[in-house]
């Protein structure tokens, strides 16, 4: 058996792609693979499991459906059509020409406004702001604002709140749950022009930067001073650090550097009424009151807009090594993980799992490797090998779609039971007669499991030969119930957005959901109910301290909770 | 010049002591130095800067004032006398015999109640619950409840809320800001009997344990399985992990393992109305809604009681090394810190600063070492030497009191300016003619700086020969203003409690304070105002979902914000 490191360099670099059953692999758009940049980035650009690198505005052609000419249904469905039960909230005003004039005054620059209200701007110009890169969601926004300063964000929100204009904060628009695009005609507040590094202290490692700085640029900036941004993910070339914080992005460095809740030292946010909350601390220790910024981390833009972040960046490591082990059981994998943690301690930066079935699918779909690798072990000896090893891991995601499509679940499950879900799903499909690995008559070909085991994050993929309602009924709510029983999470790192809003009950108790509602009400109350104060009449809240403030629940409506 | 490692073993192990000007060193109680236990604990038991090991209930004799017989004023002043402007809130009911009977029913056991309402229990039995270990605060509570289960905590709070009985949650009562003792007659809810480890998974390193587990016991528990509790502090033998979380304790492992906000994976809390909030997740990734538990981390028991925690414990290191460097300027110290971070990366667990003046004071007070050590450098070669090096660092705190007393400030300051405060304070005292290192006529002897530089945490100590109003007026609000100008924190790791409630404005903006007030109102609204709902009449809140709930603002009143 040839060592893996001799086999791997022969592998082609796989194109990275998103998979979703609704858009079978052979029809779906594949974003171009990002260029290999550094050892730190692209080899790890496992797009499907992380936030994914969407096509940028500059390459919108790639974003267009690659359908055959005889498939005129290629346009993305409007979210309002996909979710017929969701109705536009009549509390929200429609954008008028007077509103646009006011925004022009606030923002000053023509470049800051994409205006389809007073202009004849075509729908296609709004496509990149209205649609998510997965092509699952499509809003009907006709006004995009791109403020350049925190004060402009403040001015915009103050006006929107006064005028009951709903808004959607938007970063690189690379999310996976439809959180960063409008549902109806909400105004998009795009942060891309708010993109300056404010300061970096190479002693403490504290970076302070505008929300719209691209993740990769932030990493390169601190990298020049021998530090590393404590977050990395596939969409690094597109996604923005403020939105990363707003969605509490997990990514590839979490095992080693921890979550945003620990790394973010401060935030500057604009509240729905335009108030600037300056909590842009550079301090590691500050025990003076409730840590409010934590609510904005993972708040998905529902209680305010993050305009700047202060984040602790660790020293950059001088070396990276990748090892690949074939082990006989999940128990042995757990032992290997324990051993890796013990031997490597804090320098272990990722521990990934790929089961035999996922590798088998990969072999069948790609015809590039022998089965033997699953009982092999190898350490990458060059950058090429290192990249090849990661490519192998990345390829599994695409491989599953070879036969038709894949049902994909991104789940957190306590480590001891993490892999049991895959086994149980297999048993379930065997017992209900829906699965056969060879026989084409069966809709399910195989069930595979892989993912960021070091973070207890499993990707359950059900590779199918065709779309089948029976398979779907067998999977849902079975998967969610299985996860809920083990106190897992139905969304490990992608958030709720519109996609998972309805399913939060599988991961959070009634009490938690009620309290979350209170938080939303506290920061962005919906008129008719009241926040901290006494309801005077619709939409008017009298604060105990005498202030009267209009509050309209304008922040990223229809989503989250 | 003999190398430091030959000199240090000769140093006596210094007794650890708390310093505060109000109680000059020669009069103050000194808690006995804790026994040397392990390399990890006692050498680092820098009591004064960390949460401090108070005398426990078993050794309450140590806690009594060590005054001469002719000093009958030895009793700790009631907080109500020290803070004459603070009045008991008449909204709160006084505890009745019927209330005590009800609590007996809820708690079941005699051991769970210390009852001075229906019994003739003497005041001295309540001393350890009413007074803080620094002897600065003293409440007048006559009822201590010690629930053993979360359900009992829930029952107690539900009743207290219904009956408008104010409560103070209490752990090991080792805080430094008076947060864990009553101000008036609030009921103490002591968590010491809620003290079981619930689970530990040695693969993921996740420990789930009751709030009342002693920190040291938690560390030893995971230590047996080769893990380390990510928090360590001087009071580890007394303080409780739930209270550590409630006060967001910093401690000695923060530089390496990060803050509670990153390490805590889940909490179980009881809300003021008795509702149990089960957010005891063991997951590293769970992006399903606002991260509510973060509000309880550092919430100091003002919005609910933490009854259990889920925390990520790293692998225990196999070796510890300590190095001691003498450097010529703060700039060089910053360079050394950068170099240490670069060379050691994540394995650097502490980086401590001691300026020349602090070492000079130490020499003069202790007569044990030559001045040369400040330009020396040494690596500890044995456990004894390692402990001696830490003892040297620890001794500085006590040394400053040798001449009378010390004004102490525990501050977070951005690293580049951290030491400037010491220099500016010196200049200030030189220019106003209050300081002279030799001349006894001057009240101030010296200004020294030391602390957890790795966490940007400075201890500014002003060593004085006598109490002097002029010195105090020169220091305050000068120090707070200095820190505020640099966006520092007036409480790095000790919290607000009663002591710093009035000063929060130096570290937080009006907006932040207003929002914090909203959070308090959301979870524990004070009757008369309303939370999420509509005010019907005093203390009654009608929730939008139809619930009617009494809310009385009973949680740890008079403190925090």
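What follows is calculated from the coordinates using simple rules that are stated; it is not laboratory data. A quick note: this is a predicted structure, and the numbers were derived from the prediction, not measured. FYI the Cβ positions are ideal-geometry reconstructions off the backbone, even for glycines, and counts take in every protein chain you see.
Spread over its residues, the convex hull of the C-alpha atoms of region A:187-240 is 77 Å³ per residue. Over region A:285-387, the pair-distance histogram of Cα-Cα distances with 5 Å bins from zero comes to 2, 8, 13, 14, 13, 10, 10, 11, 10, 6, 2, 1 percent, rounded to whole numbers. Size descriptors for region B:335-465 (Cα atoms only): Rg and Dmax, in that order, 15.6, 49 Å. The alpha carbons of region B:88-213 stretch over 51, 35, 26 Å along the principal axes, in descending order. Ordering A:390, B:133 by the number of other Cβ atoms within 10 Å of each residue's own Cβ, fewest first, gives A:390, B:133. Plainly put, the tip 7 Å out from Cα toward Cβ on residue A:476 is 6.0 nm from that tip on each other copy, the closest given first.
Each peptide among B:309-320, A:167-178 gets the average number of other Cβ atoms lying within 10 Å of its residues, and from highest to lowest they stand as A:167-178, B:309-320. Short to long, the 5 Å bins of the Cα pair-distance histogram for region A:420-526 hold 2, 10, 17, 20, 16, 13, 8, 5, 4, 2, 1, 0 percent of all pairs. Each Cα pair of region A:131-289 feeds into the Kirkwood radius, which the Stokes-Einstein equation turns, at 10 °C and 1.306 mPa s, into a diffusion coefficient of 96 µm²/s. Rg over Rh for region A:197-312 works out to 0.94, using Cα positions for both radii and the Kirkwood form for Rh. Calculated FRET efficiency, residue A:381 to residue A:431, Cβ-Cβ distance, R0 = 60 Å: about 0.85 to the nearest 0.05. Averaged over peptide A:341-347, the number of partner chain Cβ atoms lying within 10 Å of each residue's Cβ comes to 5.
Taking the label point 7 Å along Cα→Cβ, residue B:364 and its counterparts in the other copies are spaced 8.2 nm apart, in ascending order.
When chain B is turned onto chain A, the axis of that turn runs closest to one Cβ of chain B, and that residue with its distance in whole Å is B:262, 1. Summary value for region B:202-269: 31 percent relative contact order, contacts being C-alpha pairs under 8 angstrom separated by 6+ residues. Compactness of region B:427-484 was expressed as the Cα radius of gyration divided by 2.2 N^0.38 Å, which yields 1.20. Distance between the modelled labels on residue B:470 and residue A:439, one decimal in nanometres: 9.9 nm (7 Å Cα→Cβ projection).
Shielding value for A:272-285 is 6, the average number of Cβ atoms from other chains within 10 Å of each residue's Cβ. With the convex hull of its Cα atoms as the shape, region A:68-151 has an orientation-averaged projected area of 7.7 nm².
With no solvent and one point per C-alpha, what does the Debye sum give as log10 I(q)/I(0) for region B:472-531 at q = 0.15 Å⁻¹? Relative scattering, expressed as log10 I(q)/I(0), comes to -0.55.
Here r is the Cβ-Cβ distance between residue A:98 and residue B:124 and R0 is 60 Å; the resulting FRET efficiency, rounded to 0.05, is 0.20.
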